[in-house]
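Participant: Take a look at this one; I'll ask things after.
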Amino acid sequence: MRFSLLVLIVDEELEDKAIDVAKENGAINVSIVNARALSLSEEKKTFFGFTLEGAQSILIFVLERTLSIKLMKKLNTALELEKPDRGIAFILPIEHIAGVELKEIMKFEEEIKKQL
């Protein structure tokens, strides 16, 4: 089973909606980092149209690779990430993972097979 890290950065007010979408689409855990972005220049800084100022939430999901792609698509639609200042999502591959028991991975694998 291959795992991926799905990272979602959104304004704080979109956090609950993002969590609801994740639950509805098979995610069972998320790590949330509360962050504050600040522009260090006079003009607003943007990254791919996302304004980097204010209170933000960074949601981090460790998911089976297929599920991470499916969830990112659902988050993109539900949160309208293609619109300016809505957020950004990306997926990183996980090469090695520790801290997860084999029986938990097997249980997770069975749950994913049921959903797909």
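Every residue, every condition in (1) in a helix (DSSP H, G or I); (2) surrounded by 14 or more Cβ atoms within 10 Å (Cβ to Cβ); (3) in contact with a His (Cβ under 6 Å, 6 or more places away or on another chain); (4) not aliphatic (A, V, I, L, M), yes or no:
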site	(1), (2), (3), (4)
Gln56	no, yes, no, yes
Thr66	yes, yes, no, yes
Leu71	yes, yes, no, no
Lys74	yes, yes, no, yes
Glu82	no, no, no, yes
Arg86	no, yes, no, yes
Leu92	no, no, no, no
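Participant: For the stretch 94-105: of the residues being in a loop (DSSP other than H, G, I, E, B) and acidic (Asp, Glu), which is farthest from Ala37 (Cα to Cα)?
Facilitator: Filtering first and then ranking leaves Glu101.
Participant: Okay, moving on. Can you tell me how many residues within the stretch 97-116 are under 19 Å from the mean Cα position of the chain (by Cα) and modelled with pLDDT of 75 or more?
Facilitator: Qualifying residue count for the region: 1.
The values are calculated or read from the model by the stated rules, or taken from the named source; none is laboratory data. Because the structure is a prediction, the values reported are computed rather than measured. Positions of Cβ are backbone-derived with ideal geometry, glycine not excepted, and every protein chain shown enters the neighbour counts.
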